[in-house]
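A short write-up of the structure that comes next.
The values are calculated or read from the model by the stated rules, or taken from the named source; none is laboratory data. Just so it is clear, the structure is predicted and the values come from calculations on it, not from any experiment. Cβ placement follows ideal geometry from the backbone for every residue including glycine, while neighbour counts extend to all protein chains displayed.
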Amino acid sequence: MAAVDEIVFHQLLAWHHFYDAATPAVALFSDGLLHAAELIAIVAGFFWLSELRRRQVLVTLPAWGGFFLGAGGFQLFDGVVDHKVLRLHQIRYGVDLLPYDLAWNLAGLVLLAIGIMLTRRGAAYS
């Protein structure tokens with residue numbers, strides 16, 4: 001989700017940066033740090049996934065559940081903690097935030113619900 005957020009909302013739409021309460025150079029630098037951290041997590045995840053597949057211990061349904069739990073957890077954390085508690089940035093500026101906040105956080109809840117469902121269904125088959 002960090003990659004989707006970074007690519008779509010930070011770069012393509014240019015709605016916000018990770019840290020908007022500073023100069024444009026600092027905001028861009030903060031995006032670079034987020035992008036670097038997200039890429040490290042993606043690469044580490046692929047190595048972990050490859051190792052599980054190599055050992056033939058990967059259980060697909062719970063793995064997808066974990067993917068959706070992570071995506072939804074990131075989305076909800078970003079929407080509540082980064083946007084509202086820490087006020088690092090908002091989704092957009094110069095617009096009514098309520099529809100954006102609701103869509104952002106509801107999307108995170110939907111992803112979490114999918115993750116919970118897949119994880120529970122996978123545990124039932126174990």
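Given the conditions (1) under 26 Å from Ala124 (Cα atoms); (2) surrounded by 14 or more Cβ atoms within 10 Å (Cβ to Cβ), and given that Ser50 satisfies all but one, which numbered condition is not satisfied?
(2)
Give all pairs with beta carbons closer than 7 Å in which a residue from the range 31-53 that is more than 20 Å from Trp64 (Cα to Cα) meets a residue that is modelled with pLDDT under 95; count only pairs at least 6 apart in sequence or on separate chains.
Pairs that qualify, where the first residue is more than 20 Å from Trp64 (Cα to Cα) and the partner is modelled with pLDDT under 95, are Asp31/Glu6; Asp31/His10; Asp31/His17; Asp31/Phe18; Leu34/Ala2; Leu34/Glu6; Leu34/Phe18; His35/Glu6.
Would you be able to say whether some residue in the range 15-28 is within 18 Å of Gln75 (Cβ to Cβ), out of contact with any strand residue (DSSP E or B) (no Cβ under 8 Å at 6 or more places or on another chain), surrounded by fewer than 15 Cβ atoms within 10 Å (Cβ to Cβ) and free of Cβ contacts under 8 Å to residues at least 12 places away in the same chain?
Scanning the range 15-28 turns up no residue that is within 18 Å of Gln75 (Cβ to Cβ), out of contact with any strand residue (DSSP E or B) (no Cβ under 8 Å at 6 or more places or on another chain), surrounded by fewer than 15 Cβ atoms within 10 Å (Cβ to Cβ) and free of Cβ contacts under 8 Å to residues at least 12 places away in the same chain.
Each row is one residue, and each column tells you yes or no for (1) farther than 14 Å from Gly66 by Cα; (2) out of contact with any Phe, Trp or Tyr (no Cβ under 9 Å at 6 or more places or on another chain); (3) of a type in the set (Lys, Arg).
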position: His89; (1), (2), (3): yes, no, no
position: Gly94; (1), (2), (3): yes, yes, no
position: Pro99; (1), (2), (3): yes, yes, no
position: Leu102; (1), (2), (3): yes, yes, no
position: Asn105; (1), (2), (3): yes, yes, no
position: Leu111; (1), (2), (3): no, no, no
position: Ile116; (1), (2), (3): no, no, no
position: Thr119; (1), (2), (3): no, no, no
position: Ala123; (1), (2), (3): no, yes, no
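Can you name the residue in the range 81-106 that is of a type in the set (A, V, I, L, M) and in contact with a helix residue (DSSP H, G or I) (Cβ under 6 Å, 6 or more places away or on another chain) and, of all such residues, is farthest from Trp15 (Cα to Cα)?
Leu88
Report yes if Gly79 is touching a Lys or Arg at 6+ places or on another chain (Cβ under 9 Å), of a type outside the set (Asp, Glu) and surrounded by 15 or more Cβ atoms within 10 Å (Cβ to Cβ), otherwise no.
Criteria not met by Gly79.
Would you confirm whether or not the range 38-56 contains a residue that is on the phi > 0 side of the Ramachandran plot and either of a type outside the set (A, V, I, L, M, F, W, C) or touching a Lys or Arg at 6+ places or on another chain (Cβ under 6 Å) (or both)?
The answer is yes; a qualifying residue exists.
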